[in-house]
1. Which members of region 87-128 meet the condition of being without any contact (Cβ under 8 Å) to a residue 40 or more places away in the chain, closer than 22 Å to residue 65 by Cβ and part of a loop (DSSP other than H, G, I, E, B)?
2. Among residues belonging to region 56-82 that are without any contact (Cβ under 8 Å) to a residue 24 or more places away in the chain and surrounded by fewer than 22 Cβ atoms within 10 Å (Cβ to Cβ), point out the one that is farthest from residue 97 (Cα to Cα).
3. Which residue out of 55, 28, 40, 45 is assigned to a loop (DSSP other than H, G, I, E, B) and modelled with pLDDT under 80?
4. Give the number of residues within region 148-177 that are at pLDDT below 95, over 30 Å from residue 48 (Cβ atoms) and exposed (fewer than 11 other Cβ atoms within 10 Å of the Cβ).
5. Restricting to region 131-183, name every residue that is outside any loop (DSSP other than H, G, I, E, B) and farther than 18 Å from residue 78 by Cα.
6. When you scan region 182-196, do you find a residue that is more than 19 Å from the chain's Cα centre (by Cα), touching a residue at least 60 places away in the same chain (Cβ under 8 Å) and surrounded by fewer than 18 Cβ atoms within 10 Å (Cβ to Cβ), even just one?
């Protein structure tokens, strides 16, 4: 059984430093996503694990490293999009959507880059503008890899400790050197973006 505990990563950090790393900012009034109408099903299972429901979707099993940048709003969006692309393709399309492209190119409409952003605006950006493919730091499998290297957040491990504050990189509308893809042709778009009511049964459904 999982038991919560003290997160020592935040020891010695100021409130502003912690807020920066938390990343997701409160959605501005008027930018909320439309509420999706959901009728709860009657027989909701007692448990559900997407890793076993869609075992061939490799992205579902991954947790990417945002490094020392408050980009969790971008990471959460592109990781979910990557999962959904695989699911809707009947587990045949294994791709990764770029946190780098979303973080750097969505601009002020999505928030403040490494200083936090709006998940709702990120989903709208995916629908209206599109996001290219991209994966981990120093990879060339896709179009735009993440700029910042992995770092150890609150443990002593194989990576350097996370120190300093990274500024938001500039938006670059080309694929990385070494990639065989074309930026304009590599865009993925969503058909819709929406929110779900703050209701357990509707979320489960």
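The values are calculated or read from the model by the stated rules, or taken from the named source; none is laboratory data. Remember, predicted model here, so these are calculated numbers, not experimental data. Cβ sites come from the backbone with ideal geometry, for glycine too, and all protein chains shown count toward neighbours.
1. 94, 106, 110
2. 61
3. Unique residue meeting the criteria: 28.
4. Matching residues across region 148-177 total 6.
5. 152, 161
6. no
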